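Taking it in order: structure first as structure tokens, then the write-up.
The values are calculated or read from the model by the stated rules, or taken from the named source; none is laboratory data. These numbers were taken from a predicted model, which means no experiment stands behind them. Because the Cβ atoms are built from the backbone with ideal geometry, glycine has one as well, and the counts that use them run over all protein chains shown.
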Amino acid sequence: MQQKKVCHYSTMKFSSTMSVFLFTLAMSGIALGNQTDGENGAQQGLADDTTKVQPDVGAESQASDGQPAAAPDSQTSDAQPAVSPDTQASDDQPVAGADAHASVPVAPGEAEVLPTIAVNSPDDDSKLDTAPSEEGPQQLEEIIVTATKTEASARDIPVSINAMKGDDLVQQGATTLEQMLKNQPSVNVSQEAVTIRGVGLTVFQTNSQGKEAGFFLGEANMIPPSTGGGNIDFDPYDLSTVEVLEGPQSTLFGGTALSGAIRYIPNKPRMGEFEGGLRMGYGSLSHADKPLEDVSAMLNVPVGDHFAMRAAGTFRRKPSVGTDTNGKFDNLDNVDTGQARILARWEITDRFSADLLYSDMRKDGFLNLLDKPDSRNTSIHRVDQPDNARVHIGSLNLTYAFDAFSIVGVVNTLKNHRYSILDAGPIIGVPGALIQMPSLTEADADVPSYELRMVSAHPTESAWWIFDRWDYIAGLYYMKADQDTATTLSVRTAGIETDATDTQASVQVSEKAFYLNLNRHLLDDRLEANIGARLAATTLDADIAEQASGIPIMHQTFSDDGHRVNPKYALTWHFTDDVNVRVSMSEGFRFGGANSSPTGIAEGIPPTFHSDSLKNYELGLRSDWFDRTVRFDLTGYHIAWSNLQVTQLSPLASSYTDNIGAATIDGLEAQFTWRLPYTWKFVPKGLTLNTSVSLLNSKTSESFDSANGSVDKGTRLPLSPKVAATFGLSWIGAWENWVFNANAQASYAGERTNALIETSRFDPYTVIDASFRIQNSVWLGTPSITLSGTNLTDEFILNFANPTTTDPQVSVYSAQSPRAVKLSLEFAF
């Protein structure tokens, strides 16, 4: 098999490099910490002339789903927006849940948690009082997010959003996207795709199609706009927050967030504060003969009063849990992942600041197809199936704050590489004793983007009523993506390998856009109106060449230009400061693209596909009760999805995308969080209950013909269950200098179908996770030990089932991870 532009990375070399990087971070931190203890002692807890307060354990920061924060340590976010001196907040910090949270411009990726009660930092020789207050249960906290490109409480923005603190996810033992989103019943995570609110049809990997959900590191896109690209699980270590935006986000994020967006927000450098951390984890994975291992480190170094750098890295090794019953292959589904990032912040003046980020993420692993729906062992493995990815992101943000507004300039670069080999033989149904059919795909994308926006610092003031009291964001955006994909299908017989088909596809996509988002409070702030729109011009240019057995058989080029307007509207009525009702509408789209199927000409596969779009209508309630110790949110939505990009599988096992049909999705989401009164008998201090439920009815709204048969109107969409729910208990307590955290959660998902033309139905399942953490707040390094377990009952959960092309009753399968138990040791200085 001819391999074009193949980039081989040594896992051992990468592991060693990451280990050296992380060890250097930790050792540098210890050395610098010892050197600067004396001169920095008086500055402990200070950043940007703002006193760093140590929150009471009873008032620990909490995500919107009610999970309590990890024990107080150095992992909270200290991001400070660049605002003019006239608009800076006073030293008096607001209590969480104050009547209004002013939206102030921030650099991309900043996020800050509002504490409910600010207390003075303890003296150096005093003991930290971490016990919950005797006065009663503390209020549920709010998380500050930047999902609307301004800093605001997640409770105040007119967007359906769930935000989780990175520290909480680390404390719970989450290291994969599947584990991070387990408490989001409206989100379904499989090996191939993330489905938000049922918007998902990708039941197996296609290399020509963009994802339904967008992935962002801050504001930088992590995935190419119209090719599959490589996607890497992001470890939450040293993240400020993870934001899950539900519903289309095209007004602010363009054509890469059709169903919603997942945003990873890293902790930013802290001025005037030296700090570092080290985490080491070791555990067992059910059905694996090797251990789980991970190591992470972080270092924050200030340089003077106005410059700071922050570096963080993680390396994680997951062993194989499958067994080749033929005894030929050891590497079935083991994965090594690593990430390293460096951030720098320079406060050039009181008004002018610069933020720089570079991130390197890597994955070296293997795909594994199972031949039974109830076993991790397989007998159909014929060739090694490596699945490797590299994602490099660079981001520069420049912010200048005037009195009335800020000007923000952002430059992002994405380089995404994916190299994979899929054994096509089992999917086609070819006997493997004599013939192997490896399908090699190598995809590269280079995606620079540029943005210039104006953000109001406070509501406008005008003698004209129509121009008075508006908050606004207005921006210009330009993106150009160069995407190259090479796909080769080979045939091996009697030790001889021949390239049966070879396809080279080059696709360029661009977007020029102007967006505007306006917000106004009316009727004594009871009514809030939000209006936004994105006006975009998109282009697509493709060049596709195909050859069979080395003989050119096709070469074609084509272009597709388009203009679109994506509006959004929202009205929010505030009954009280704690209860509001919101009605909204938003539109989203996804870029079209070109198919790079190696058998495209022979099978009549369409060379291109167009954008799909959806409209999302919502009616939502947000409410806090009983002095904000009880939270209840309810959201109903209706989605109209048109011109679907449907992933299809040809008779020769080529995956491609086509536009066919339409669908509607109706859903209901409910979340309930209660910080229980510990004056009740048998209720310990610091106990919080949280539960969430998702009801979903997704179906096609018209009949259409696909490559695999006819799809009737009313056919259920695959992947998402009709009913999903979570129930959890969390507790935080203290004794003398010890702080304790405990979490337990059960997640339920109803039955799911595997494809539009159903050949398999996945059974309902319940997954139980738990974690316990203990930390000493006065020992050197504030050490903590965490014992965490995921999928404790070792449920066998299928991700997808693909029918073979020769016999639809025979499928190949993929499953989620089995039980994992891990012990982690963490230090902070």
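Just the residues that are within 22 Å of ALA445 (Cβ to Cβ) and of a type outside the set (A, V, I, L, M, F, W, C), please, taken from the stretch 398-425. Quick ask: steps written out before the conclusion?
From the stretch 398-425, those within 22 Å of ALA445 (Cβ to Cβ) are 410-422; that's our starting set.
Listed by number, the residues that qualify are ASN412, THR413, LYS415, ASN416, HIS417, ARG418, TYR419, SER420.
Residue check: is LYS415 among the charged types (D, E, K, R), assigned to a loop (DSSP other than H, G, I, E, B) and surrounded by fewer than 19 Cβ atoms within 10 Å (Cβ to Cβ)? In short, no. Residues in the stretch 420-471 that are of a type in the set (Val, Ile, Thr), part of a strand (DSSP E or B) and crowded, with 20+ Cβ neighbours inside 10 Å: ILE421, THR441, VAL447, VAL455.
Scanning the stretch 322-331 for residues that are surrounded by fewer than 22 Cβ atoms within 10 Å (Cβ to Cβ) and within 31 Å of the chain's Cα centre (by Cα), which turns out nearest to GLY365 (Cα to Cα)?
Taking the stretch 322-331 and keeping what is surrounded by fewer than 22 Cβ atoms within 10 Å (Cβ to Cβ), we get 323-331.
Checking which are within 31 Å of the chain's Cα centre (by Cα) leaves us with 323, 330-331.
On the way: THR323: 15, ASP330: 12, ASN331: 8 Å.
It comes out as ASN331.
Residue count for the stretch 475-494, restricted to those that are surrounded by fewer than 17 Cβ atoms within 10 Å (Cβ to Cβ) and part of a strand (DSSP E or B): 5. For first residues located in the stretch 745-766 and in contact (Cβ under 8 Å) with a residue 12 or more places away in the chain, partners that are among the basic types (Lys, Arg) and lie 6+ apart or on another chain with Cβ distances below 6 Å form the pairs SER747/LYS182; GLY750/LYS722; GLU751/ARG761; THR753/ARG716; THR753/ARG761; PHE762/ARG752. Inside the stretch 557-579, residues that are closer than 30 Å to ALA513 by Cα and surrounded by 14 or more Cβ atoms within 10 Å (Cβ to Cβ) make up a count of 10. Taking first residues from the stretch 453-481 that are hydrophobic (A, V, I, L, M, F, W, C) and partners that are part of a helix (DSSP H, G or I), the Cβ contacts under 6 Å between residues at least 6 apart in sequence or on separate chains come to ALA457/THR87.
Scan the stretch 810-817 and tell me whether some residue there is among the polar types (S, T, N, Q) and either farther than 17 Å from ASP374 by Cα or in a strand (DSSP E or B) (or both). Spell out the reasoning first.
Taking the stretch 810-817 as the starting set, the residues that turn out to be among the polar types (S, T, N, Q) are 811, 814, 816-817.
Filter once more, keeping what is either farther than 17 Å from ASP374 by Cα or in a strand (DSSP E or B) (or both): 811, 814.
Yes, the stretch 810-817 contains at least one residue that is among the polar types (S, T, N, Q) and either farther than 17 Å from ASP374 by Cα or in a strand (DSSP E or B) (or both).
Applying the selection to the stretch 503-513, what residues are surrounded by fewer than 23 Cβ atoms within 10 Å (Cβ to Cβ) and in contact (Cβ under 8 Å) with a residue 40 or more places away in the chain?
Step one: filter the stretch 503-513 for residues surrounded by fewer than 23 Cβ atoms within 10 Å (Cβ to Cβ), giving 504, 506, 508, 510-513.
Scanning the stretch 503-513 gives GLN504, GLU511, ALA513.
Looking across the stretch 220-239 at every residue that is out of contact with any helix residue (DSSP H, G or I) (no Cβ under 6 Å at 6 or more places or on another chain) and in a strand (DSSP E or B), the one that is nearest to ASN188 (Cα to Cα) is identified as ASN221. The residues in the stretch 771-800 that are aliphatic (A, V, I, L, M) and closer than 26 Å to THR195 by Cβ can be counted, and the count is 3.
Scanning the stretch 404-458 for residues that are of a type in the set (Asp, Glu) and closer than 14 Å to HIS392 by Cβ returns ASP444, ASP446. Applying the condition of being among the hydrophobic types (A, V, I, L, M, F, W, C) and part of a loop (DSSP other than H, G, I, E, B) to the stretch 370-385 and asking which residue is nearest to ALA494 (Cα to Cα) yields VAL383.
Evaluate the stretch 247-254: report whether one residue or more is closer than 30 Å to LYS822 by Cα, modelled with pLDDT of 90 or more and either of a type in the set (Gly, Ala, Ser) or assigned to a loop (DSSP other than H, G, I, E, B) (or both). No, every residue in the stretch 247-254 fails to be closer than 30 Å to LYS822 by Cα, modelled with pLDDT of 90 or more and either of a type in the set (Gly, Ala, Ser) or assigned to a loop (DSSP other than H, G, I, E, B) (or both). Among the numbered conditions (1) modelled with pLDDT of 95 or more; (2) buried (at least 20 other Cβ atoms within 10 Å of the Cβ), the only one that TRP346 does not meet is (2).
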